[in-house]
Structure formats: C-alpha cells, structure tokens
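The values are calculated or read from the model by the stated rules, or taken from the named source; none is laboratory data. Not measured: the values here are computed from a predicted model. Using ideal geometry, Cβ is built from the backbone for each residue, glycine included, and neighbour counts are taken over all protein chains shown. The protein model used for the area step is the full one, side chains on, heavy atoms only, and it has no ligands, DNA or RNA in it. Shrake-Rupley method; radii C 1.70, N 1.55, O 1.52, S 1.80 Å.
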Amino acid sequence: MSADVKRCGYIAFIGRPNVGKSTLLNRLVGQKICITSRKPQTTRHRVLGIKTTKDTQFIFVDTPGMHIDNKHAMNRYMNRAAKTAVHDVDIIVFVIEATGWNEADDLVFERLEHTDAKIIIAINKIDRLDKKDALLPLLQKLSELKNVAEIIPLSATKGDNTELLESTLKTMLPESDFFYDEEQVTDRSMRFIAAELIREKLIRRLGKELPYALTVEIEEYQHEDGVLRVGAVIWVERDGQKVIVIGKNGSMLKEIGRQSRLELEKMLETKVFVRLWVKVREGWSDDTRALRSLGYTDDF
Ligand SMILES: Nc1nc2c(ncn2[C@@H]2O[C@H](COP(=O)(O)OP(=O)(O)OP(=O)(O)O)[C@@H](O)[C@H]2O)c(=O)[nH]1
Ligand SMILES: [Mg+2]
C-alpha cells in the first residue's frame, strides 16, 4: 500500500439490547458520543461516531438493540433504525456477551444473513469471566457460523483488545477518500446530544420505574454572555410518571438537571444552565405521529 492511500467506510455495531454496543463505540471514538446504561433499550436512534487518523476514517454507526417485540410503535422505530444500518455499511461488528449466546443473539444473526457487509463478532465483557477458558464453549459455537471474518473477545469498559478490533477494522475498510471533515466526531447536533444526555440521566436513575415512557425534547439551546442555556421538556405518558420524575419536593428533577449540567459543562467547557419541565402526553411512544413530532423520524 502506498503511503498516501486512504481508507474510509461505515462500521455498524449490531446486537441485542444491552451487550455494550454504545460503550464500544465511545471507546473506539475515544470520547462519549452515545449514551449508555445498565437498562436494555437505552439507544433509540442511529448515531454516527467518527474517528479520523492520518490515513483512515472510521465511521462507526451505533444502533438500537434489535429485539423481537414489534407491537409497539417505538419498538418498530428502533428495529427499523437497526435494520437499515445492516444494509448500508461496509462492516458489521456483531456484538455479543462473553457470558454466552442466547436466542436473542440467534434472532440478530438471522437478520445479518443477507447483508453484503463483512461481519466481525466482538465478544464483549470478557472482564466478567473468571477464567479465560470459560470462553471455549462459546468459541466452539461461533466457529460453526458462516460468513464471519473475525472473532475478537474484548472488553469495551476496560479497553482489553479494543485496539486489536480497530486495527482489524482498518485492514477491512475500502480504499476511499474521507467522507467527513477530520475534526467531525458525529453527524448529530449538540442539541441532539444534550437531549440524549438528559435522557441518559433519567434512564440511569429511573429506568426501573419508567423504562420506556420517557423522552426529552429541547426547547431552548442558546449561547448568551458566555453561558449556554438549555431548556428541555421531559415527556412522560401518565400523571403518575410525572410525579416520579419530579420527585419529593422536586428533588429528582433537580438532581437530573444537576448531573446533566455537569456533563454538558465538561463536554463543552463552558458554563451551562439547565431548566427542565415534565409534561404528560398520553401514549406518545405508541403513536406514530407523536413519535415523529418528538424527533423519532426515519431519516437514517
Ligand atoms: N463488565 C462490563 N460491562 C460492560 C462492558 N461493556 C459495556 N458494559 C456495560 O453494559 C451495559 C450496557 O452497555 P451499553 O453500551 O448501553 O449497551 P448497548 O448494547 O448499547 O445497549 P442498548 O442501547 O440498550 O441496545 C452498561 O452498564 C455498560 O457499562 C464491558 O466490557 N464489561
Ligand atoms: Mg446502546
């Protein structure tokens, strides 16, 4: 390869919910782009994380966890976002967990059958294994799968073997000029990322009580006298949920606002004010029109 050959292409992280796709994207990009949590179905949108080195541009695509439930409009939206990515990329990193393969992984793998993309399997969370040879039965199972170019055990949180994944991806990317500016790290606006960060704080604190009934809409995003003012509405589906989000004497909402402000200030290196409201819109997550008006649009 001559010295000035450039490589560039799309790499999607695909897998069932909660296996660590977003954590792995953030690790490879080297900064937080995507939100993560212990709760399955954290990611709802397709989000790009872009990493550019001297000769390579990796365009990583985070996707919602694929799952079987298609009854709910929100679930259908999430599955569509993930499925579209399967057909539009050069490489698929199929993420599974070191603790074992299950039926939900089967379902995802079936959806990869007709892709032209190259497939790498990332066995994530190896830090959870007591002994390395605990992986042997899983490796045996994976060796039976067809069309898999590489299998890489790694840990997205600890960083074990993630450099090996990166160097492997590099060799598999097509020769091409870069698609994005070298400084660009995502295709999403800071406004979108602010909404996602607030939603992350909510899921991390309230995911058990209100798994999927929450969404965040930014109403104000304005720089003024060296301060960024962010105003956001937290939409829930019922009055009872509103009470939970507000908390006793407003304590929960205050804490969510504080955590969001701290993270935005760190990310943007500026002073930030965050104002949050909670509003009820009955059944928004199962209503296609309401979803669209809240930013769940099929523009992936
Ligand atoms: N122990 C361990 N935990 C991990 C690792 N990678 C991710 N996790 C944790 O797994 C949980 C899920 O991570 P996410 O990155 O949100 O998973 P995801 O696949 O994007 O999930 P969805 O967006 O819901 O589909 C979080 O609590 C992560 O901290 C890892 O390498 N080791
Ligand atoms: Mg995710």
What percentages make up the Cα-Cα pair-distance distribution of the chain when the bins are 10 Å wide from 0? 6, 26, 33, 24, 10, 1, 0
Can you give the FRET efficiency for TYR221 and GLU166, using 1/(1 + (r/R0)^6), R0 = 41 Å, r = Cβ-Cβ distance, to the nearest 0.05? 0.80
Which length gain, in nm to one decimal place, applies between ASP55 and SER293 when the Cα-Cα distance is subtracted from 0.36 nm times their residue separation? 81.7 nm
For every helix of n ≥ 4 consecutive DSSP H residues, a contribution of -39,500 (n - 2.57) applies; sum these over the chain, divide by its total residues, and give [θ] at 222 nm rounded to the nearest 500 deg cm²/dmol. -10500 deg cm²/dmol
Please work out the Cα center distance from the stretch 148-216 to the stretch 264-285, rounded to the nearest Å. 21 Å
A correct Karplus calculation of ³J(HN,Hα) over the stretch 148-155, with 6.51 cos²θ - 1.76 cosθ + 1.60, θ = phi - 60°, whole Hz and x for Gly and Pro, returns 9, 7, 8, 10, 10, x, 7, 10
Over 21 Å between Cα atoms, which of LYS54/LYS266; LYS32/LYS248; LYS254/LYS279; LYS208/LYS248 qualify? LYS54/LYS266; LYS32/LYS248
Sparse-neighbourhood loop hits (trypsin sites (Lys or Arg not before Pro), the stretch 10-93; DSSP loop; Cβ within 10 Å at most 14 others) -> ARG38, LYS54, LYS71
If the label point sits 7 Å along Cα→Cβ of ASN70, residues of the stretch 262-300 with amide N under 12 Å come out as none
Expected unfolding gain across LYS131-LYS208 under the 0.36 nm per residue rule, minus the alpha-carbon gap, is 24.6 nm
Return a whole-number percent for the relative contact order of the stretch 7-172, with Cα pairs under 8 Å and 6 or more residues apart as the contact set. 24 percent
Using a 1.4 Å probe over the heavy atoms of the protein chains, calculate the carbon and sulfur portion of the accessible area of the chain as a whole percent. 46 percent
Measure off 7 Å from each Cα along the Cα-to-Cβ vector at ARG238 and ASP4, then give the distance between these two points in nanometres to one decimal. 6.5 nm
Contact order normalised by residue count of the chain, Cα under 8 Å, 6+ apart, percent: 18 percent
I want to check the label-to-label distance for ARG38 and GLU103. Put each point 7 Å from Cα in the C-beta direction and report it in nm to one decimal. 2.6 nm
Whole-Å semi-axes of the stretch 215-298's equivalent ellipsoid, largest first, each the root of 5 times a Cα gyration tensor eigenvalue? 25, 18, 9
What relative contact order, as a whole-number percentage, does the stretch 31-89 give when Cα pairs under 8 Å and 6 or more residues apart are counted? 27 percent
Considering the Cα positions of the stretch 175-218, please state its Rg to one decimal place and its Dmax as a whole number of Å. 15.5, 48
Percent antiparallel among DSSP beta bridges confined to the stretch 74-205, rounded to 5, stands at 0 percent
Both in Å, the radius of gyration and Dmax of the C-alpha trace of the stretch 158-298 are 18.5, 58
Excluding ligands, DNA and RNA, what is the solvent-accessible area per residue of the stretch 190-293 at a probe of 1.4 Å, expressed in Å²? 54 Å²
